[in-house]
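The values are calculated or read from the model by the stated rules, or taken from the named source; none is laboratory data. The shown structure was predicted, so the numbers you read here are calculated from the model rather than taken from an experiment. Glycine gets a Cβ as well: all are built from the backbone with ideal geometry, and neighbour counts include every protein chain shown. Keep in mind that these areas ignore ligands, DNA and RNA; they rest on the heavy atoms of the full protein, side chains included. Shrake-Rupley method; radii C 1.70, N 1.55, O 1.52, S 1.80 Å.
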Amino acid sequence: MEAIVSIITELLRAGIPLAAKQVQLIRGAPERVQSLQDELQFIEKCLNEYDGAFVKDNKVNEWLTQIYCLALEAKDTIDTFKTEKHTQNQRTPVARLLYAWPHGTKLRKIALKVDMIKKKIEEIDGYRKKYCVDGLVVAKRKRDSEWLEKQRREVEEENVVGFGVAVEEVTNKLLTKALKRDVVSIVGTTGSGKTTLAKRIYGSISNQFQHHAWVFVPSKYKMKDLLLVILSELMPIEEETSKLDDVKLGEKLRNFLQGKRYLIVMDGVEETQLWETLEKNKVFPNEKHGSRLLLTTRSKNVASLASSSSSRIHNIQPLDDEARWELLEKLVFKDEKCPQELVKLGKQIATKCAGLPLAIVSLSSLLARNKTYGNWLQIICKVTWYLNPQDSQPSFGILDLTYDTTIPEQLKKCLLYLGVFPSGFEIHARQIINLWVAEGLIEDTMRSKAEEIGRRYLEELNSLSLIEITRKRSDGGVRTFQIHEIWRMFCVFKSESIGFLQVHTEFGSHPFISGQWSWRLSIHYDLRYILSNRDYLPHLCSLLCFHNEASLDSNRLTLQCKHFSRLKVLDLGSTRVSKVHGSRKSLSLLKYLKLNSPYLSSLPRTLFSLPNLLTLDIKNTCVILPCLPSGIWKMQNLRHLLLPPHTTLPKCPDHQKRLWHLQTLSTITPNENTAALIFGSKFPSLIKLTLNSQDMEQTKRCLECLYKLHCLQKLKIINLTKFPTARTSFPASLVKVSLVKTDLVADDVMRMLECLDHLQVLKLPKKSIRGPKLEMAPNSFPQLRFLFMEEILVKTWRMGDGAMGSLEELTITRCHELESLPKQLWQLHNIRQVKVNSPSQCLRRELEQPSVQRCEIQIHF
């Protein structure tokens, strides 16, 4: 850098005016950018302060809009600087000399841009101090929070129908004959009717207990206040008692309940810390008098901690179609019946509410205002709109309160980002985590990779009942999930109101949104809608497409990426894109690219040399890449590379080069240099590898070098292959192995895999192994938890003592030659489930014997 600046200095002295000032700008560019980056962190903290407030003041909103715009500019400038610096560093010494002048010019422009942004920040901050009164906003936030707390209680306490079965189930859990104190938990998302259910049960059984009390736990509580409320329902409270601290109050409550049969309901326990504190201080005596506690919570973690087993937890289910309509009709017409001409529309509206009482209650007041066919028809066309009417207090208030006060700060933007997906969309965990990383919503830490943090975030969102897991991975992690419709609507509106993202559907976007600062855009209709707006394109940082197939005609699109100068995330889904044009310059900031179109058969080579790209996913395209361009070795930030079948890796032109951050490499066809790349430690951080074998010998050479991949956890091999002879060829770090159509000898597979101490998942589908017998040595596969076998050509299966000691689930599908299962299988302590699909007659008869009915067995023919 110093040498380049010196050359530029000499050139400037040759006759360019203001040379000293220009050189100063160039030299100071890194410091200016760092200063801007520091200031950006303060800007984002400032925005977070306003994030939870219902800001109605136009002056404050204008100030927020300007700040968001500046934050975008600042991020772009920082990324541009990093890209330029990386590009120059990648050049040879001669090339650096040749590019010294244009490089210096770019640094000068960046420095000027930084100065301009910082000046704007000062001006906007001056406007805020002059025209906006922060105290009023804070006071308003407090009033809004109080109103929302009241609103949440009112909605939860609505006379919700459809809980007959739930009342009976929870009541039975509470009124068992067990004398030991027991805790029953009701778990459900916000507005699902937890409080309603608890109140019904409390009203019907409280008289069966010697003492009973109900306490509502607000989002921001004080332990002393909670204990005082419970005590006040159990005994008269004297002035001296109200002066005690929470420790003394806990002792007083414990002493009162000692030796008595009591029922305590705690409504809205959202923190494990609250329950841990109560248990640690032994506030509720754990004696054998048949006492019960009933908790309502959104947190599955709280329920698991408080209740002794899953049988003591009741998960609230969405209302069915009949109950939805019954509730809506009751709220709109009170004791009357709905006119026949409105019944069909009413049921459609009730269905749109996805079984959540909160949504039904929110809509009922609007429907009751004007009970005409025309009005209801308008409402059903714009249900999303009417769930948050502008002319009244926000109907999403309860969700706003939950978002503002109970969702951890680090999860808020990750939750809002789920609004990019259409209603009912099954979201892949891997996809959303990679998007979060590309958007900068989660980052690497000293202890964990961003992807690991993202997986924890998904578990937290599930624990808070904000998402519903639809499919799990074989290791127990989240594979796919859905977000509840009412929360999806909330995420869209909240995101659009703060300029976080914008959603376009076939009905258009909401007119009150200013597109100038919604730089993330999700299209649920036709990509042509946005491509026709050339003024909007340069502002976009993120573009995601989820097409409505009905909107597409036979014409296919050519995507000109030159119009997206700021683009960092591009996910075209299944959009009918047949060609993509883009230069390295126009896509230099891109961090995430997913192309899923089967019509796409070619890509510009520039896509394989983008310096900032973290995820490149083109696995479902028809692109034929006999060999990746060598530019792939310049993508030093690449983390996930998902390719179409029959793709091979290029030679590395520089023996020093490595893809240091690459975690996923799928799918690669081994060629003559693939083994050398693995042996040369070109992928030191690789976690997941998929090989599609075309040459058995080449694949074998790759497998012999796998021990060099010290971080490898997941290995998948597709098509015919051979296993190496050395048992140490596979890295000990492997957690999951999948073999598909490999036609391997069963003995070779067992020999290679049985000694892997960390192996938890083994999948053997579609004729992966063959041989007369499958034999597992004693104490082999010590950590294996999940075993899947499909169409394996094996007749006899034997297990030595102690083999698969950790096995939890076994799935056997269409293994028609397998005649029996090992007797040792039924002696395993951890096995929970055995699924057998289309077994042989011999195996079927064996499984029907009473002696094997030790765990849950599912047999399908």
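If you go through the stretch 159-181 and pick out every residue that is part of a helix (DSSP H, G or I), touching a strand residue (DSSP E or B) at 6+ places or on another chain (Cβ under 8 Å) and more than 19 Å from SER299 (Cα to Cα), you end up with 3.
Out of the residues in the stretch 299-310 meeting the condition of being surrounded by 14 or more Cβ atoms within 10 Å (Cβ to Cβ), among the polar types (S, T, N, Q) and in a helix (DSSP H, G or I), tell me which one is farthest from the chain's Cα centre (by Cα). Looking at residues that are surrounded by 14 or more Cβ atoms within 10 Å (Cβ to Cβ), among the polar types (S, T, N, Q) and in a helix (DSSP H, G or I), I get SER304. Within the stretch 566-589, being of a type in the set (S, T, N, Q) and modelled with pLDDT under 75 holds for SER574, SER583, SER586. Where strands (runs of 3 or more DSSP E) fall wholly inside the stretch 673-763, the ranges with 3 or more residues that are under 19 Å from PRO650 (Cα atoms) and free of Cβ contacts under 8 Å to residues at least 40 places away in the same chain are 688-692.
Checked against (1) hydroxyl-bearing (Ser, Thr, Tyr); (2) at pLDDT below 95; (3) within 27 Å of the chain's Cα centre (by Cα), THR664 passes all but a single condition, namely (2).
Of the candidates LEU234, LEU293, LEU263, the single residue that is under 15 Å from PHE209 (Cα atoms), at pLDDT below 95, open to solvent by less than 40 Å² (accessible area, probe 1.4 Å) and touching a strand residue (DSSP E or B) at 6+ places or on another chain (Cβ under 8 Å) is LEU234.
Residue-level analysis places LEU342 outside the set of residues that are of a type outside the set (D, E, K, R), within 27 Å of the chain's Cα centre (by Cα) and open to solvent by less than 20 Å² (accessible area, probe 1.4 Å).
So, in the stretch 559-575, of the ones that are over 26 Å from the mean Cα position of the chain (by Cα) and open to solvent by less than 60 Å² (accessible area, probe 1.4 Å), which residue ends up farthest from ILE427 (Cα to Cα)? Going through the qualifying residues, I end up with HIS563.
For the stretch 622-646, give me each residue that is surrounded by 21 or more Cβ atoms within 10 Å (Cβ to Cβ) and hydroxyl-bearing (Ser, Thr, Tyr). Matches in the stretch 622-646: none. The listed residues are LEU756, LEU712, LEU720, and the only one of them that is at pLDDT below 95 and either open to solvent by 40 Å² or more (accessible area, probe 1.4 Å) or touching a helix residue (DSSP H, G or I) at 6+ places or on another chain (Cβ under 7 Å) (or both) turns out to be LEU720.
Among the residues of the stretch 311-347, those that are touching a residue at least 24 places away in the same chain (Cβ under 8 Å) and outside any helix (DSSP H, G or I) comprise ILE313, HIS314, ASN315, ILE316, GLN317, PRO318, LEU319, ASP320, PRO339. Taken over the stretch 581-619, the criterion of being open to solvent by 40 Å² or more (accessible area, probe 1.4 Å), assigned to a loop (DSSP other than H, G, I, E, B) and touching a Leu at 6+ places or on another chain (Cβ under 8 Å) is satisfied by ARG584, LYS591, ASN596, LYS619. Checking the structure you have, find out if any residue of the stretch 651-669 is β-branched (Val, Ile, Thr), assigned to a loop (DSSP other than H, G, I, E, B), without any contact (Cβ under 8 Å) to a residue 40 or more places away in the chain and open to solvent by less than 20 Å² (accessible area, probe 1.4 Å). There is at least one residue in the stretch 651-669 that is β-branched (Val, Ile, Thr), assigned to a loop (DSSP other than H, G, I, E, B), without any contact (Cβ under 8 Å) to a residue 40 or more places away in the chain and open to solvent by less than 20 Å² (accessible area, probe 1.4 Å).
Out of the stretch 400-451, which residues are assigned to a helix (DSSP H, G or I), charged (D, E, K, R) and either exposed (fewer than 15 other Cβ atoms within 10 Å of the Cβ) or in contact with a helix residue (DSSP H, G or I) (Cβ under 8 Å, 6 or more places away or on another chain) (or both)? Answer for the stretch 400-451, where residues must be assigned to a helix (DSSP H, G or I), charged (D, E, K, R) and either exposed (fewer than 15 other Cβ atoms within 10 Å of the Cβ) or in contact with a helix residue (DSSP H, G or I) (Cβ under 8 Å, 6 or more places away or on another chain) (or both): ASP400, ASP404, GLU409, LYS412, GLU451.
Table: residues versus (1) touching a strand residue (DSSP E or B) at 6+ places or on another chain (Cβ under 7 Å); (2) free of Cβ contacts under 8 Å to residues at least 60 places away in the same chain.
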{"position": "VAL183", "(1), (2)": "yes, no"}
{"position": "PHE209", "(1), (2)": "yes, no"}
{"position": "PRO218", "(1), (2)": "no, no"}
{"position": "MET223", "(1), (2)": "no, yes"}
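Among the residues of the stretch 771-823, those identified as among the small types (Gly, Ala, Ser) and part of a loop (DSSP other than H, G, I, E, B) are ALA777, SER780, GLY800, GLY802, ALA803, GLY805, SER806, SER820.
Output the residues belonging to the stretch 458-469 that are open to solvent by 30 Å² or more (accessible area, probe 1.4 Å) and closer than 12 Å to ALA429 by Cβ. Residues satisfying the conditions are GLU459, ILE469. What are the residues in the stretch 579-633 that are polar (S, T, N, Q) and over 29 Å from the mean Cα position of the chain (by Cα), if any? Hits for the stretch 579-633 are SER583, SER586, SER601, SER602, THR606, SER630.
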